[in-house]
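Chemist: To start, I am sharing the structure in question, which I have written as structure tokens.
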Amino acid sequence: MPEYNEEDFLLLSGIQHFSFCKRQWALIHIEQQWQENLRTVEGGILHEKTHDNTIKEKRGDIIVSRGMGIFSRTLGTTGTCDVVELHRNPGGVNIFGREGTFKPVPVEYKRGKPKENEADALQLCAQAMCLEEMLLCEIPEAFLFYGETKRRLKIMLDEGLRGRVKTMFQEMHNYYGRRYTPKVKPNKSCKSCSLAEICMPKLCKNPSVANYIRKNLLEVTE
Ligand code: SF4
């Protein structure tokens with residue numbers, strides 16, 4: 001796998017956008033058009049809490065590290081982990097500034113409840129792959145915490161999930177290199193898309209897509 005230079009790193013959180021809709025990812029990460037709606041604002045508040053570096057926590061043999069900066073040269077990405085739990089373990093790895101050895105376990109916080117798609121799992125897996133590369137360790141499992149259910153969901157980081165993460169980053173780098181924004185393909189994600197208002201005017205240029213909007217507007221106003 002090729003290695004990327006820092007100046008070519010893409011934002012890790014983008015893998016969520018990319019798996020939701022490739023066009024949405026391109027609008028945000030290539031065209032830099034972003035629109036905050038309630039969903040993202042609420043999500044942001046939860047993230048502000050989890051990214052507060054002043055919160056330090058130690059629970060028995062677990063050290064909780066918040067807002068850890070991460071990167072991967074092979075994926076060509078950089079980002080931040082909400083939480084990395086460092087579980088004291090004789091088979092673990094050395095962590096700078098800490099005595100003993102630890103097994104790192106990433107935990108990603110989400111506002112809502114578990115989704116039907118695997119966007120959250122892809123992001124979590126990418127975080128774990130960064131940590132593995134940085135700390136020279138293996139992370140077989142990680143957790144998603146959902147604000148609505150207040151529950152942790154264990155995610156097994158198997159080869160299939162890792163393969164999809166790699167393929168998506170390769171595709172994102174390909175798109176980014178060509179500054180390519182995919183054309184509109186109306187899909188079921190559009191109704192909950194935070195960029196719909198930015199994407200929609202472009203949709204109107206296409207007659208079949210204009211029909212789609214009319215249909216959706218009628219549904220809303222009826
Ligand atoms: S409105 Fe639909 S096509 Fe446009 S960015 Fe959102 S999900 Fe993608």
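Chemist: For GLU141, enumerate residues with amide H under 5 Å from its amide H, sequence gap 5+ or separate chain, H modeled in the peptide plane.
Modeler: When sequence neighbours closer than 5 places are left aside, the close amide H contacts are LEU157.
Chemist: If you average the alpha carbon positions of the range 125-151 and of the range 74-107, how far apart do those two centres end up, in angstrom?
Modeler: Here the answer is 10 Å between Cα centres.
Chemist: May I ask which of LYS113/LYS188; LYS22/LYS185; LYS150/LYS191; LYS110/LYS150 have a Cα-Cα span longer than 21 Å here?
Modeler: The pairs that break the limit, which is 21 Å between Cα atoms, are LYS150/LYS191.
Chemist: Would you kindly state how much longer the chain becomes between GLU3 and ASN117 on full extension, computed as 0.36 nm times their sequence separation minus their alpha carbon distance, in nm to one decimal?
Modeler: Between GLU3 and ASN117, full extension yields 38.2 nm more.
Chemist: With a 10 Å Cβ neighbour count serving as the proxy for reagent exposure, in which order, fewest first, do LYS22, LYS154 appear?
Modeler: Ranking LYS22, LYS154 by Cβ neighbours within 10 Å, fewest first, gives LYS154, LYS22.
Chemist: Before anything else, pin down the relative contact order of the range 6-182: Cα pairs under 8 Å, at least 6 apart, normalised by residue count, whole percent.
Modeler: Computed over the range 6-182, the figure is 23 percent.
We did not get these values from a lab; they are worked out from the coordinates using the rules stated. Given the structure is predicted, the values throughout are model-derived calculations rather than measurements. Here Cβ is always computed from backbone atoms with ideal geometry, including for glycine, and neighbour counts include all displayed protein chains.
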